[in-house]
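Take a look at the structure set out below.
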Amino acid sequence: MRKGGVTVGIRTGVWRTAAGSTLKLIVKNGKVSGQYSTVRGQPTPEREFPIIGMVHGDLIGFICSWNEHNSLTSWCGRYGVEDSRECIRTTWHLARIYADRAHKQENEYWETFTSYTDTYFLVSENVAP
C-alpha cells in the first residue's frame, strides 16, 4: 500500500522486536516466506528457521517449525504505527512436546501451549539471502 508516495504496510523487509528476535519477510502475491531467528528459548539467536504464511491487507499469519526442538510457533498480526515507527503487533502460540532441553520428559497436554505477544518494528526494506 502507498500513502503519500511512500510504501507502507506489511511488506518485504527485516522486522525486529525490542528484545532482538528477527523476522526476515518476503511478501509476494499475498504469500509470506522468509527466516526467523529468536532470542528466546532453546535455539541460538544466530540460527535462522524458515517461515511460511499469508498476508491480507494489514493482516499477517505465519508459522515456524523449530525442527529438532520439537516445537512450532504460529503468529497472527496487524500492521500499525507505534511512536512514529512502522510495526506489526502480533499474538503468538508456541506448541512444544517436551518440558526439558534433553527431550526426555514429555509435557502434559495442558503444558504444551504458551501464548504471548510481540511487536516487530521495520528496520530495513532489504532482505539479504
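Each reported figure results from applying straightforward, stated rules to the coordinates on display, with no laboratory input. Here the structure is a predicted model, which means the values were calculated and not measured. Methodologically, a virtual Cβ is constructed for each residue, glycine included, from the backbone with ideal geometry; neighbour enumeration extends over all protein chains shown.
Of note:
- Each Lys and Arg contributes +1 and each Asp and Glu -1, all at the Cβ; summed about the Cα centre of the chain, the dipole is approximately 460 debye.
- Estimated distance in nm for a label pair at LYS104 and THR119, the labels positioned 7 Å out from Cα along Cα-to-Cβ: 4.3 nm
- Normalised by the number of residues in the chain, the average gap of Cα pairs under 8 Å and 6 or more apart makes the relative contact order 23 percent.
- Computed Kirkwood radius, in angstrom, where 1/r is averaged over Cα pairs of segment 2-124: 15.2 Å
- GNM result for the chain, Cα springs below 10 Å: residue of ASN29, ASN67, ASN107 fluctuating most strongly: ASN29
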